[in-house]
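Working notes for the structure below.
Nothing in this text is a laboratory measurement; each read-out follows from the coordinates by a stated rule. None of these values were measured; they are calculated from a predicted model. All Cβ positions, even for glycine, are placed from backbone atoms using ideal geometry, and neighbour counts span all protein chains on display.
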4 protein chains.
Amino acid sequence: MSPTDNRFEPLNPEFRTVIREQFERQGLLRNFDAKLLDIEPGSVTIAAPTGPEVSQQDGFPHAGFGWSLGDSAAGFAALSLMAAGERVLTVEMKTNLLAPAVGQRVIARGRVLRFGRSLCVVQSDLFSEAPDGEKHVAVMLGTMIRS
Amino acid sequence: MSPTDNRFEPLNPEFRTVIREQFERQGLLRNFDAKLLDIEPGSVTIAAPTGPEVSQQDGFPHAGFGWSLGDSAAGFAALSLMAAGERVLTVEMKTNLLAPAVGQRVIARGRVLRFGRSLCVVQSDLFSEAPDGEKHVAVMLGTMIRS
Amino acid sequence: MSPTDNRFEPLNPEFRTVIREQFERQGLLRNFDAKLLDIEPGSVTIAAPTGPEVSQQDGFPHAGFGWSLGDSAAGFAALSLMAAGERVLTVEMKTNLLAPAVGQRVIARGRVLRFGRSLCVVQSDLFSEAPDGEKHVAVMLGTMIRS
Amino acid sequence: MSPTDNRFEPLNPEFRTVIREQFERQGLLRNFDAKLLDIEPGSVTIAAPTGPEVSQQDGFPHAGFGWSLGDSAAGFAALSLMAAGERVLTVEMKTNLLAPAVGQRVIARGRVLRFGRSLCVVQSDLFSEAPDGEKHVAVMLGTMIRS
């Protein structure tokens, strides 16, 4: 979803502040040295560097590393559309891996597919970033609940 | 799956050694201070302590923390049945959250539902552990590939 | 889940009547000549015969045939615990196929894993039935919403 | 994926013939009076009319009806890229429902996200069609295996 997409109207004009604040409170994202790259209504992008601290047995990024970034990006994408004081929680989330993640960073682009009265359907696309470009490495599809 | 279940015959008699070795190489699990609690044919249990380093914005364990433990437990459960030299990779994995994880530890019990020629269907059950007992906090269902 | 499991207390003493009535109204299940085999609190079993009308290109039952039975069984399992007047709707549902379904019937055993204030996590196990016994052919894991 | 997208090169120049032939053999799709609307490399569209024969208890199309169309569309999308003689089988498939399907038809647009040596990651988008336009009613994400 591009930044110029007006399909979603945020309920809370301070949504960027809310998201930055909650991002700072996610200990796992600090552990991963993650960064918030972009916040738009219904769309949030997070990235974090690969490395031994987040690897699996063959040196590749652990699937859980990318999943965590994607879950957070999708959750924040849903949160960006919520009213002040609402919280977001993951109900369920599935990932399909497309390719091994090789590169210095993994980027998670989360977006809202449907923003409902209590449930939000969300998607995250994960990309690995290397000098020769980005590679689509996973697709995640799930549900967040507004509480 | 109890330790006395003989439904699965391991192809490699050294499967426990293989798993411990690959467990040690998972940087993310070391990051989480995870421990291997049990290894049986088709069934592996991993646990890790909760805390600020693996939390989300409200102080609860991040969904990605539990997902990572469950993915590893399920992957190792599949690996326990594979021949020497085979590798295990996640194809897809879904989690459904049942309850918030409150407690000092999250335990992931991974098991194989079906061990095929190339694909394995696996399940992980996540539990949070507190002084008053264990609570079932998530169910994960997914697919591993032998390579 | 066995019939003697008292883990779930139905809110509506007439739950069996509600389920039989809603089962009768599912046109797709009538199309499949499906039968309600068992109704317990939190657990419902449905079966339907295989055949050309529900097949895929190689003569096996279409994955959608089993999925439909499993979705209904899981939905009714959730409904069995709901108050009078509540409705059940599928939020999301995933199936993992374990083996080809060979036999005269497919049986779907749906059960509730967690019954929440608005969401229910459910599971369905599909079996194919042939003269030499039952074979576990699919596992389904999903979410229903109370409305 | 639009028809002009050349991202995928079919291995079998007769892919349209193969798909039409296998579509005709799917008894469940005949049962649903389904039609093949479009076949492109990596992208197949199928539609079928709603009605009492495919309904759930409230008169809406049963989730299994749409799921079946989406599974077939995604499977055929994968098959369109396979070599002559290969078969396609569903490994796993998840649906997230976005909105109730109201209208005369459900349209399933299946496409390949990744075409691998043995596994294909696929997606289907379901739409309901009514006089006032199309509505996005479900998203499906899954895995097919080449055999």
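What to note about this one:
- Degrees, to the nearest 10: B:63-79 long Cα axis against longest axis of chain B: 20 degrees
- Shielding value for B:107-118 is 2, the average number of Cβ atoms from other chains within 10 Å of each residue's Cβ.
- Long-range amide H partners of D:ASP38 with built H, under 5 Å: D:THR45
- Per-residue 3J(HN,Hα) values for region C:40-45, derived from phi via the Karplus relation 6.51 cos²θ - 1.76 cosθ + 1.60 with θ = phi - 60°, read 10, x, x, 8, 9, 10 Hz in sequence order (x marks Gly and Pro).
- Low-density loop cleavage sites - GluC sites (Glu not before Pro) in region B:31-138, where at most 16 other Cβ are within 10 Å (DSSP): B:GLU86
- Helix-derived mean residue ellipticity, 222 nm - over chain C, DSSP H n ≥ 4, -39500 (n - 2.57), to 500: -7000 deg cm²/dmol
- The charge dipole of region B:71-115, taken about the Cα centre with unit charges on the Cβ atoms of Lys, Arg (+1) and Asp, Glu (-1), comes to about 140 debye, rounded to the nearest 20.
- Counts of other chain beta carbons within 10 angstrom of each beta carbon in peptide D:29-40 average 2.
- Ranking C:LEU11, C:GLY42, C:SER128 by Cα position along the charge dipole of chain C, where only Lys, Arg, Asp and Glu carry charges on their C-beta atoms, puts C:LEU11 farthest toward the positive end.
- Cβ-Cβ FRET estimate between A:GLU134 and C:GLU53, R0 fixed at 51 Å, reported to 0.05: 0.65
- Dipole size of region A:1-108 about its Cα centre, with +1 on Lys/Arg Cβ and -1 on Asp/Glu Cβ: approximately 80 debye, rounded to the nearest 20.
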